[in-house]
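The values are calculated or read from the model by the stated rules, or taken from the named source; none is laboratory data. These numbers were taken from a predicted model, which means no experiment stands behind them. Counting neighbours? That spans all protein chains shown, and the Cβs are built from the backbone with ideal geometry, glycine included.
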């Protein structure tokens, strides 16, 4: 009986211990390109993922105990809105890359280790040289200071 109860609690503990999803590969060049210049290193981290924006958004939303209305919902947006004022990138070149294409964008935030992390997911996304669009999802993570 004790063994069965121990196994049950062990399985329940595993089921509730959810770690952060894999966001893909951190990319320093994309971080420099798509985040503000005058912030401390590590405030923003940009990842490139081969995963679909919907899959990443669903996985992140599943970890959000009280998502805001519209959070984590991938929606088509104008490219310049997707790469809003936080972008140091050449806005004209971004607009050229996305002619006729509205990327899927999802936004939301989570609290981890007493810190709020704000996420922006964009698909497809420009490469760091702004010469081509890449499949998959760009994930911009902002470590919001409390």
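For the range 87-105, which residues satisfy the criterion of being within 17 Å of the chain's Cα centre (by Cα) and more than 17 Å from residue 44 (Cα to Cα)?
Of everything in the range 87-105, those that are within 17 Å of the chain's Cα centre (by Cα) and more than 17 Å from residue 44 (Cα to Cα) turn out to be 103, 104, 105.
Being in a loop (DSSP other than H, G, I, E, B) and in contact with a strand residue (DSSP E or B) (Cβ under 9 Å, 6 or more places away or on another chain) is the filter; apply it to the range 47-64 and report the residue that is nearest to residue 105 (Cα to Cα). Outline the logic, then answer.
Here is the first cut: in the range 47-64, the ones in a loop (DSSP other than H, G, I, E, B) are 50-52, 62-64.
Those left that are additionally in contact with a strand residue (DSSP E or B) (Cβ under 9 Å, 6 or more places away or on another chain): 50-52, 63-64.
Working: 50: 15, 51: 14, 52: 11, 63: 19, 64: 18 Å.
This residue is 52.
Do any residues in the range 11-32 that are closer than 14 Å to residue 56 by Cα have Cβ atoms under 6 Å from those of residues that are part of a helix (DSSP H, G or I) and modelled with pLDDT of 70 or more, where the two are at least six apart or on different chains, and which pairs are they?
Note: pairs meeting the criteria are 21/59.
Within the range 62-75, can one find any residue that is on the phi < 0 side of the Ramachandran plot, touching a helix residue (DSSP H, G or I) at 6+ places or on another chain (Cβ under 6 Å), crowded, with 17+ Cβ neighbours inside 10 Å and touching a residue at least 40 places away in the same chain (Cβ under 8 Å)?
Yes, some residue in the range 62-75 is on the phi < 0 side of the Ramachandran plot, touching a helix residue (DSSP H, G or I) at 6+ places or on another chain (Cβ under 6 Å), crowded, with 17+ Cβ neighbours inside 10 Å and touching a residue at least 40 places away in the same chain (Cβ under 8 Å).
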